[in-house]
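The values are calculated or read from the model by the stated rules, or taken from the named source; none is laboratory data. Fair warning: this is a prediction, and the values are worked out from it, not measured in the lab. Neighbour counts run over all protein chains shown; Cβ positions are idealised from the backbone, glycine included. Ligands, DNA and RNA are excluded from the accessible area calculation, which covers all protein heavy atoms including side chains. Shrake-Rupley method; radii C 1.70, N 1.55, O 1.52, S 1.80 Å.
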Amino acid sequence: MAQLSDDCFAFGGKLMSVEQAQALIAERIPPLAEVEPAGLRQALGRVLAEDLRAPLPLPPFFNSAVDGYAFRHADLAAEGETRLPIAARLQAGQAAAPIAPGTAIRIFTGAPMPDGADTVMMQEDAREEDGAVLLLPGLKRGANCRPAGEDVARGALALPAGRRLLPQDLGLAAALGLTQLPVRRRVRVGVFSTGDELAEPGRPLGAAQTYDSNRFTLLALLDGLPVAASDLGILADEPQATAAALTAAAATHDLLLTSGGVSTGEADHVKAAIDQGGRLVFWRLAIKPGRPAAMGVIGGTPVVGLPGNPVAAVVTFLHLARPLVLRLAGALPEALPRFPAEAAFAYRKKAGRREYVRVRLSEGDGLPRAEKFAREGAGLLTSLTQSDALAELPEEVTSVAPGDRIRVLPFRGMF
């Protein structure tokens, strides 16, 4: 478990930019130290703990890249066709005998090149006749061949430490003959919701209650990360109980996430509970939606208090909790995917804060068109389910007009 000092997030400014928050995380959060082996079928999405260097070259031997005819380039006439008798037929997986001068071998993709052969002519460019092959002039030495180590040389860096393993990474590891990889332990994350106004889905609603949605959204977002997430339920609006629950959970988790209870209302007890059990640094992020967010440390465990409004909770998760999880997991930094689009809406905003506007995307002339969702409330879950992306409007921007070039963060690349 990462044991952080109480002041590891200390920051003197009133409003913290996204970049400042992420730089602080990268600078002051140490990755978890524990490493464990994972079989290739279990390693998907895990974080590689050590550089993987190739124990053998890929490909491991000189081989043919095509179906065709292998021969000595010295036997190819500079002009006119070259006629060479076909001495053998060689398929992938068969051992190759040395080639005799003045002969050719019918060879197939992936088969090892016979000793002495250095060039392959594709079958489409040659023709067989009475047990011989007729080769065209002009082919360069080494054509249509794959040297040993062309893909990865023996001892070369195949995968760097900190990489979140993708399907193709596991294929590469298998091609190198490996059956398991050293990976970082999963980050143990506990997730609370807060508030007497929340009810557990499936149970009767009180007169002034709504069903809790944030906890399930956050748990689902965590499923895409190298974590072991725990559903810790709903915290009632009771200061001492909240403090006790956070302190107890901090002892068995690497990170705690809460939603709600971090603003300045009389029933907002999370930031006070963090301060009571450890140290609070109240991050008021210079973003909309999502400005009220608390971060601190209880018993060496980082605690992130996200806003209660669903859209704000998602935005702050992506910019605070996600990079924090990746840092604890020992992963290399991963920027959220962004791509350019053309605004199909007009919008005004204040300077000095970054805003995220929910948009639908459609095909445009060159760039995708981004059309703003009709309503703006941070509590509108349908603004997420009926949108495709977040349009990111930087701090210096004060207005957007139709036709302006903007950046968008697509949901399918983030979730």
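Only one of the numbered conditions (1) modelled with pLDDT of 95 or more; (2) among the hydrophobic types (A, V, I, L, M, F, W, C); (3) not in a strand (DSSP E or B) is not met by ALA374, and that is (1). For the residues ALA229, ALA248, the requirement of being open to solvent by 40 Å² or more (accessible area, probe 1.4 Å), assigned to a strand (DSSP E or B) and either of a type in the set (A, V, I, L, M, F, W, C) or free of Cβ contacts under 8 Å to residues at least 12 places away in the same chain (or both) singles out ALA229. Among the candidates SER399, SER383, the residue that is surrounded by fewer than 16 Cβ atoms within 10 Å (Cβ to Cβ), touching a Lys or Arg at 6+ places or on another chain (Cβ under 7 Å) and either modelled with pLDDT of 95 or more or not hydrophobic (A, V, I, L, M, F, W, C) (or both) is uniquely SER399. Give the range 335-353 a look and list any residue that's open to solvent by less than 60 Å² (accessible area, probe 1.4 Å) and either among the aliphatic types (A, V, I, L, M) or closer than 26 Å to PRO368 by Cβ (or both), or say none. Of everything in the range 335-353, those that are open to solvent by less than 60 Å² (accessible area, probe 1.4 Å) and either among the aliphatic types (A, V, I, L, M) or closer than 26 Å to PRO368 by Cβ (or both) turn out to be LEU336, PRO337, PRO340, ALA341, ALA343, ALA344, PHE345, TYR347, LYS349. Within the range 132-152, the set of residues being part of a loop (DSSP other than H, G, I, E, B), open to solvent by 50 Å² or more (accessible area, probe 1.4 Å) and either touching a strand residue (DSSP E or B) at 6+ places or on another chain (Cβ under 6 Å) or more than 30 Å from GLY80 (Cα to Cα) (or both) comprises ARG141, ALA148, GLU150, ASP151.
Within the range 365-376, one or more residues are touching a helix residue (DSSP H, G or I) at 6+ places or on another chain (Cβ under 7 Å) and surrounded by fewer than 18 Cβ atoms within 10 Å (Cβ to Cβ).
Can you tell me which residues in the range 91-107 are in a loop (DSSP other than H, G, I, E, B) and not hydrophobic (A, V, I, L, M, F, W, C)?
Hits for the range 91-107 are GLN91, GLY93, GLN94, PRO98, PRO101, GLY102, THR103.
Scanning the range 208-226 for residues that are closer than 22 Å to HIS269 by Cβ and assigned to a loop (DSSP other than H, G, I, E, B), we see that the one that is most open to solvent (accessible area, probe 1.4 Å) is ALA208.
Give the residue, chosen from ILE29, ILE25, that is open to solvent by less than 40 Å² (accessible area, probe 1.4 Å), of a type in the set (A, V, I, L, M) and out of contact with any strand residue (DSSP E or B) (no Cβ under 8 Å at 6 or more places or on another chain). Before the answer, list the steps.
Numbers: ILE29 fails: out of contact with any strand residue (DSSP E or B) (no Cβ under 8 Å at 6 or more places or on another chain).
Unique residue meeting the criteria: ILE25.
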